[in-house]
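Below: one structure, written as structure tokens.
FYI, it's all coordinate maths here, none of it is from the lab. It should be emphasised that the depicted structure is a prediction, and the values quoted were computed from it without experimental measurement. Ideal geometry is used to build each Cβ from the backbone, glycine not excepted, and the neighbour counts take in all protein chains shown.
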Amino acid sequence: MGTRKSAPFISLQINGKYKDFTDFYDENKDVIYENILNVFKEFKNTRKKSLALFVSAKIMNVDWETEFIFHKEESIVLKRDLIPYFEMIEDYEKCYEIKNLYQELTNKN
């Protein structure tokens, strides 16, 4: 992996050993999506154009890490990915929160 330009906004170390990426993703989707939401919430408080979420884990006995870079202009992620997930798990309060955040970030009412 290349060198990061700066420290990520959120660094997420996920402990456990996973047999494959699907196993890892299925088990940790909630915490990953919560942290993506936290990244977008921070856009209300910062002038930065992008924020990073760094995720590391052990998958198939191999250290795995990746850095997701999000831009405020990519807030469609909130509606496209996060709301359907939280609807699926019936967390409607979170859906409402995400909808309001999306409207705030895009100035859509």
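Relative contact order (percent) for the chain, with alpha-carbon contacts under 8 angstrom and 6 or more residues of separation? If you can, show how the numbers build up before the last one.
On the way: 121 pairs, mean separation 28.4, N = 109.
Worked out over the chain, it gives 26 percent.
What is the total of Lys pairs in the stretch 1-100 with C-alpha atoms under 20 Å apart, excluding same-chain pairs fewer than 8 positions apart?
Within the stretch 1-100, the lysine pair count is 28.
How much length is gained on full extension from Glu65 to Asp91, taking 0.36 nm per residue of separation minus their Cα-Cα distance?
6.5 nm
Show that you can apply the helix-only estimate: for the chain, add -39,500 (n - 2.57) for every DSSP H stretch of four or more residues, divide by all residues, and state [θ] at 222 nm to the nearest 500.
It comes out at -13000 deg cm²/dmol, rounded to the nearest 500.
Can you tell me the dipole magnitude for the chain around its Cα centre, using point charges on the Cβ only (Lys, Arg +1; Asp, Glu -1), in Debye to the nearest 20?
Details: 17 positive and 19 negative charges, 137 e Å.
In debye, rounded to 20, the chain gives about 660.
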